[in-house]
1. Per residue of the range 39-55, what does 6.51 cos²θ - 1.76 cosθ + 1.60 with θ = phi - 60° give for ³J(HN,Hα)? Whole Hz please, x for Gly and Pro, Karplus curve as stated.
2. Report the FRET efficiency, 1/(1 + (r/R0)^6), for L132 and R170, where r is their Cβ-Cβ distance and R0 is 22 Å, rounded to 0.05.
3. May I ask you to list the trypsin sites (Lys or Arg not before Pro) in the range 97-148 that are in a DSSP loop and have at most 14 other Cβ atoms within 10 Å of their Cβ?
4. Just subtract the alpha-carbon distance of A44 and K64 from 0.36 nm times their residue separation and send over the number in nm, one decimal.
5. What do you get for Rg/Rh of the range 30-178 when both radii come from the Cα atoms and Rh is the Kirkwood radius?
6. Just to check I understand the Karplus step: with θ = phi - 60° and J = 6.51 cos²θ - 1.76 cosθ + 1.60, what whole-Hz values come out for the range 152-157, glycine and proline as x?
7. After finding the eigenvalues of the alpha carbon gyration tensor for the range 41-101, what semi-axes result from the square roots of 5 times each, listed largest first in whole Å?
8. Can you grab the distance from the C-alpha centre of the range 120-179 to the C-alpha centre of the range 30-100, Å, no decimals?
Amino acid sequence: MGTSALKSAQITNLDTLPSPIMGTSGENAAGVARIVSGFCTAVAADAAGSTYKLVRIPTNAKVKHVFFESEAQGAGAVNLSVYHSDATNDGTPVAKQGVIVATTGDQFFASDIDCAAVVAADKTNESGNYPLSKRDMPLWQALGFTSDPGGFFDIVAVVHTTAVTTGTGRLGVTCTYVM
């Protein structure tokens, strides 16, 4: 078996003539990473279906990493999902405000994260719905939309089949994305 020297599509595109200069704008050029983080404090006895809206990102963001953390909740499991923003002033279409993105249900990034004990882990593709091949797409496209719905998306922890018992612990997300 021989050796290989393969290039990603991004490297191949950067090799084309005329050669783009690193740092210039445009698809596959160097970009500025943006990081947003947020957390909520869990409520004791929160039942399945409860939601914790953690961070808000533009619909055209290209998400690179989703890092989830939770303090010990005693019991409880969450999914990491994407909802349309519920804000009335950010360009999110009125009919979609606060609504879950239905293309992947409530587990786009991750499913059944056990929060009984402390959690600190990369959950970018724990569910299998957000593989490497989708991370250079705007999030709206990776979610299966045919056009950008506009506005913003929220990354939301949705309490799954196991309810939070003790609660009072914080849970949060740090999201890295480019535009």
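All of the numbers you see were taken from the coordinates with simple rules; none came from a lab. From a predicted model like this one, the values you see are computed outputs, not experimental measurements. Note that each Cβ is placed from the backbone with ideal geometry, even for glycine, and that neighbours are counted across all protein chains shown.
1. My calculation for the range 39-55 gives 8, 10, 9, 5, 9, 4, 6, 5, 8, 3, x, 5, 10, 10, 7, 9, 9 Hz in order.
2. So the FRET efficiency works out to roughly 0.15.
3. Taking the range 97-148 and a limit of 14 other Cβ atoms within 10 Å, no loop trypsin sites (Lys or Arg not before Pro) are found.
4. 4.0 nm
5. 0.96
6. 9, 10, 10, 8, 10, 8
7. The answer is 25, 15, 9 Å, longest axis first.
8. Here the answer is 7 Å between Cα centres.
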